[in-house]
Amino acid sequence: MRVRRGGKGHRDYLTDAFALLQGWTREGHEIRRTLLLDDSQHVALTESMKVAADALQLRAEARRLDGHTQIRVCTPEGDNLSAGEVALAARIEDLYRRITGAVA
């Protein structure tokens, strides 16, 4: 990602990067995604997601509800969205595609 600078038309590069993550929503100090996964896919995603979050020293939560996996990535102590959270969301998207065989 390249940082854009200057001018009235300046947009936050994190907002631009986050906009590329289809299906993710921002709610206050967290970003969320709901995926339709079976139980084995949920387990595989959750385990891989934990490794990715630990590597980035961030926190991601996944829970199972009515056949869906709900993912939540929180900013530490209510800070603003950072490059780390956006990178983790992108990594989770990649894991989801790999596990399900989905194409972008």
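Values quoted throughout were computed directly from the atomic coordinates according to the rules given, and no laboratory measurement underlies them. Quantities reported herein were computed from a predicted structural model and do not represent experimental measurements. A quick note on method: Cβ atoms are made from the backbone with ideal geometry, for glycine too, and the neighbour counts reach across all protein chains shown.
Phi angles of region 86-102 translate, via the Karplus equation with coefficients 6.51, -1.76, 1.60 and θ = phi - 60°, into HN-Hα couplings of 5, 5, 5, 4, 5, 5, 4, 4, 4, 4, 4, 4, 5, 5, 9, x, 6 Hz per residue; Gly and Pro are given as x. Here residue 55 and residue 15 are evaluated by their C-beta separation; at R0 = 22 Å the FRET efficiency comes out at 0.35.
Taking Cβ atoms as reference points and 15 Å as the exclusive limit, the residues near residue 75 contribute a net charge of -3, counting Lys and Arg as +1 and Asp and Glu as -1.
In order along region 44-54, the Karplus-derived 3J(HN,Hα) couplings, from 6.51 cos²θ - 1.76 cosθ + 1.60 at θ = phi - 60°, round to 4, 5, 4, 5, 5, 5, 4, 4, 5, 5, 4 Hz, and Gly and Pro are given as x.
Each residue of region 12-29 was assigned a 3J(HN,Hα) from its phi angle through the Karplus curve 6.51 cos²θ - 1.76 cosθ + 1.60 (θ = phi - 60°); the sequence is 4, 4, 5, 5, 5, 5, 5, 4, 6, 8, 5, x, 8, 10, 10, 10, x, 9 Hz, with glycine and proline shown as x.
Can you tell me what the convex hull of the Cα atoms of region 30-100 projects to on average, as an area in nm²? Mind dumping the intermediate values first?
Working: hull surface 17.0 nm².
In nm², the orientation-averaged hull projection of region 30-100 is 4.2.
As a length-normalised measure over Cα pairs under 8 Å and 6 or more apart, the relative contact order of region 30-100 settles at 39 percent. Annotation: amide H of residue 21 has no partner in the under-5 Å range at sequence separation 5 or more or interchain, hydrogens built in the peptide plane. Which parts of region 59-98 would a label at residue 43 reach, counting a residue when its backbone N lies under 17 Å from a point 7 Å out along Cα-to-Cβ? The answer is 62-65, 67-69, whose backbone nitrogens lie closer than 17 Å to the label point.
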